[in-house]
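The structure under discussion appears below in the form of structure tokens.
Every number in this text was worked out from the coordinates using simple rules, so none of it is lab data. Keep in mind the model is a prediction, meaning the values are calculated, not measured.
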Amino acid sequence: MINIHTKTSVPDHTVWSLDWGMAGDMTGAQAYMSTTKCLHIWALVLGLLLIIMFIIISAH
């Protein structure tokens, strides 16, 4: 029996960078680490902006 998953999943870049590093592909690992770093920075900035906007709106 063959199970076919139709659900598309987005890879977790941190896990992928670790897998590629363990496989010896340092170029691929560095690319995924760079993507992970960028995504984390954007998430932090957007989260902080939302918190600041919520505080400003609540103060009025």
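Below, the figures for the structure above:
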quantity	calculated
³J(HN,Hα), Karplus 6.51/-1.76/1.60, whole Hz, each residue of the range 41-47, x for Gly, Pro	5, 4, 5, 5, 5, 5, x
Computed P(r) (all Cα pairs; the range 12-59; 10 Å bins; percent)	28, 30, 19, 15, 7, 1
